[in-house]
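S.K.: Questions regarding the structure given below will be posed in turn.
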Amino acid sequence: MNHVLILGGDGYLGWPTAMYFSIRGHKVTVVDNYFRRNACKELDTGMLYPIPSLLERAKIWHKITGKEIKVIVGDLNEPDLMRGLFNGKITYNWSLNNNFTGIPETVVHYAEQPSAPYSLIDYKYADITLVNNLRVTNNLMWALRDYARETHVVKLGTMGEYGTPNIDIEEGWIEIEHKKRKDKFLFPRQGSSIYHTTKIMDTDLLWFGVRIWGLKVTDLMQGPVYGIETEETKIDESLNTIFNYDEVFGTVINRFIVQAVSGHPLTIYGKGGQTRGYLNIKDTLQCVYKSALSPAKAGELRIFNQIMETFSVKDLAKKIFNVGNKRDHNVKIDHLENPRKESESHYYNPVYQGLLNIGVKPNYLTDEVINSIFIIVEKHIKNIRKDVIFRGIKW
Ligand code: USQ
């Protein structure tokens, strides 16, 4: 694998992924339309600290490391932009020269609206989520079909596609015996938001492309990610990733730590028995990288459950309460009426072996790791806005 194309390369995971591949010697191109930044502005979500534009980030990266990350600022809803990434009819917004890098061996697809609450603000935001997520995925699938059948797609899926069924969750597939006959199917899916439902639909779209045109796809069913730092963001503060703690774009562990630092009670929704699989942002990078190094075969939809350990929301609050109090924060815990429709006590037993089998080494949520996130959040305490922590977007 030589050239990697990262769709959604400006986001919480996209930018750290770009640096991770780049520092390891791969040619990297990133594309982004600033959806996340614009949505944060429009919804007035606040951010823990400001971050440079994608063009500035690429220039800073080049200055510090001597490596090039080519940047295209554009909307992948436009089929011609997506196709240009594979047929060479493309103009870079920043690169050392404007020469087409060639067809990428790997595409990492993050270019989706990633928030469940965003998708349920009202009809408008549901529609933006549905149109964006499916159209970008469809544009990608057709560009691959027409120009790049050898290219491997690593697509970010979500554990939330499975919901919380009363049986063990397999890695994507399940064998079913029915009236004495057997066959293998995608594991049953039941998203608990419009966002999660779009992820089910785009898995189905790519599964179609895999069956009909022999595309190569790895679908990473990721749980909520936490963390702020990667080896590459540590190189310089200006390389930091976007960090949200608000109700729309913040994920629960990141939110709880910011709440603890700012003196806001931890916002457990309902009873807090909701159990999910979690992973450190550093592990997202490892998982995507290892998947890219050992691609799916032609005509294969390979699915991994991308989580490293499971916790209930109550367990998480307790962990953050303990570390926060040791750091002299007077942490309080609150149980809010759950704005979401989700089970608060349920069976949860997912399998998550595939990524370990290809060499991922988990970083677990230890007190030390939580403590290291506290230290960074404390540095930016002045930027924390308590008014964006809970607004109550209802399902
Ligand atoms: N929760 C609280 N209090 C809060 C925030 C969340 O109790 O202040 C609870 C939620 O009700 C939920 C759990 O914590 O049960 C996780 O919520 P989250 O906001 O961290 O995660 P979620 O909305 O499920 O979405 C996030 C990412 C999404 C990714 C997904 C993986 O935003 O992109 O796909 O995690 S998963 O949850 O496995 O579907």
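S.K.: Divide by every residue of the chain the summed helix terms, -39500 (n - 2.57) for each DSSP H run of at least 4, and state the resulting mean residue ellipticity at 222 nm, rounded to the nearest 500 deg cm²/dmol.
M.R.: On the way: 11 runs with 140 residues, N = 395.
Using -39500 (n - 2.57) per qualifying helix, the result is -11000 deg cm²/dmol.
S.K.: Further question on the same structure: So who's got an amide H within less than 5 Å of the one on Ile303, skipping anything under 5 residues away but keeping other chains? H placed 1.01 Å off N, in plane.
M.R.: Asp219
S.K.: Using Cα pairs under 8 angstrom and six or more residues apart, how large is the relative contact order of the chain, in percent?
M.R.: Numbers: 798 pairs, mean separation 76.6, N = 395.
Answer for the chain is 19 percent.
S.K.: Dipole magnitude of segment 188-283 about its Cα centre, charges +1 at Lys/Arg Cβ and -1 at Asp/Glu Cβ only, in debye to the nearest 20?
M.R.: Working: 9 positive and 11 negative charges, 108 e Å.
Charge dipole of segment 188-283: 520 debye, to the nearest 20.
S.K.: Also, I was wondering about something else. Between Gly250, Gly102, Gly11, find the one with the highest GNM mean-square fluctuation for the chain; connect C-alpha pairs within less than 10 Å.
M.R.: Comparing Gly250, Gly102, Gly11 in the GNM, the peak value goes to Gly102.
S.K.: I need the shape label for segment 93-137. Rule: rounded when a/c is under 1.5, else prolate if a/b > b/c, else oblate, with a, b, c from the alpha carbon gyration tensor.
M.R.: Details: a/c = 3.55, a/b = 2.70, b/c = 1.31.
In terms of gyration-tensor shape, prolate.
S.K.: For Ser53, project a label point 7 Å along Cα to C-beta. Then give me every residue of segment 83-109 with its amide nitrogen under 16 Å of that point.
M.R.: What the label zone holds, given the 16 Å backbone N cut-off, is 92-95.
S.K.: Picking from Ile242, Gly263, Leu206, whose Cα lies most toward the positive end of the charge dipole for segment 206-283 (charges on Cβ: Lys, Arg +1; Asp, Glu -1)?
M.R.: After comparing all options, I get Leu206.
S.K.: Related question: Among DSSP beta bridges lying fully in the chain, give the percent that are antiparallel, nearest 5.
M.R.: Working: 11 of 50 bridges.
Bridges in the chain are about 20 percent antiparallel.
S.K.: How much of the accessible area of the chain, in percent, comes from carbon and sulfur atoms when a 1.4 Å probe is used?
M.R.: 50 percent
S.K.: Please say if segment 26-184 is rounded, prolate or oblate, where rounded means a/c under 1.5 for a ≥ b ≥ c the square roots of the C-alpha gyration tensor eigenvalues, and otherwise the choice is prolate for a/b larger than b/c and oblate otherwise? List each step's numbers first, then the result.
M.R.: Details: a/c = 2.07, a/b = 1.39, b/c = 1.49.
Cα axes put segment 26-184 in the oblate bin.
S.K.: Hey, could you get me the Stokes-Einstein D for the chain, Kirkwood radius over alpha-carbon pairs, 10 °C and 1.306 mPa s, rounded to whole µm² s⁻¹?
M.R.: 74 µm²/s
S.K.: Using a Gaussian network model of the chain with C-alpha springs under 10 Å, which one of Val31, Val369, Val377 is most mobile by mean-square fluctuation?
M.R.: Between Val31, Val369, Val377, it is Val369 that shows the largest mean-square fluctuation.
S.K.: OK, next. Quick one: which of 40-53, 108-121, 192-205 comes out on top by average Cβ neighbours within 10 Å, and what's the full order, highest first? Display every interim value, and only then the final one.
M.R.: Numbers: 40-53: 16.1, 108-121: 23.6, 192-205: 20.9.
Final packing ranking: 108-121, 192-205, 40-53.
S.K.: When ligands, DNA and RNA are left out and all protein chains stay put, how many square angstrom of accessible area per residue does segment 268-395 have with a 1.4 Å probe?
M.R.: Values: 6220 Å² over 128 residues.
Normalised by residue count, the accessible surface of segment 268-395 is 49 Å².
S.K.: Here is a follow-up. Going by a ≥ b ≥ c, the root eigenvalues of the Cα gyration tensor, does segment 21-111 fall in the rounded group (a/c under 1.5), the prolate group (a/b larger than b/c) or the oblate group?
M.R.: Cα axes put segment 21-111 in the oblate bin.
S.K.: Next question, about the same structure. Build a GNM of the chain with springs between Cα atoms under 10 Å: which of Arg181, Arg37, Arg211 gets the top mean-square fluctuation?
M.R.: In the Gaussian network model the winner is Arg181.
S.K.: Amide H to amide H under 5 Å from Lys216: which residues, 5+ apart in sequence or cross-chain, H placed 1.01 Å off N in plane?
M.R.: Under 5 Å from the amide H of Lys216: Val153, Gly299.
S.K.: Once you've got the Cα coordinates, tell me which of Lys326/Lys382; Lys41/Lys290; Lys179/Lys297 are over 27 Å apart. Spell out each step's value before the answer.
M.R.: Details: Lys326/Lys382 21 Å; Lys41/Lys290 34 Å; Lys179/Lys297 32 Å.
The answer is Lys41/Lys290; Lys179/Lys297.
S.K.: With a 1.4 Å probe and every protein chain left in place, work out the accessible area per residue of segment 28-159 in Å², rounded to a whole number.
M.R.: Details: 5310 Å² over 132 residues.
Each residue of segment 28-159 exposes 40 Å² on average to a 1.4 Å probe.
S.K.: Can you list the residues of segment 163-192 with backbone N under 19 Å from a point 7 Å past the Cα of Ser343, pointing along Cα to Cβ?
M.R.: Backbone N within reach: 163-174, 187-192.
S.K.: Follow-up question, since we're still on this one. If amide H atoms are built 1.01 Å from N in the plane of the peptide, which residues on other chains or at least 5 residues away come under 5 Å of the amide H of Trp94?
M.R.: Amide H neighbours of Trp94: Val71.
The values are calculated or read from the model by the stated rules, or taken from the named source; none is laboratory data. The structure presented is a predicted model; accordingly, all values stated were derived computationally and were not measured. Note that we place each Cβ from the backbone using ideal geometry, even for glycine, and neighbour counts take in every protein chain shown. Protein only, heavy atoms only, side chains kept; ligands, DNA and RNA dropped before computing areas. Shrake-Rupley method; radii C 1.70, N 1.55, O 1.52, S 1.80 Å.
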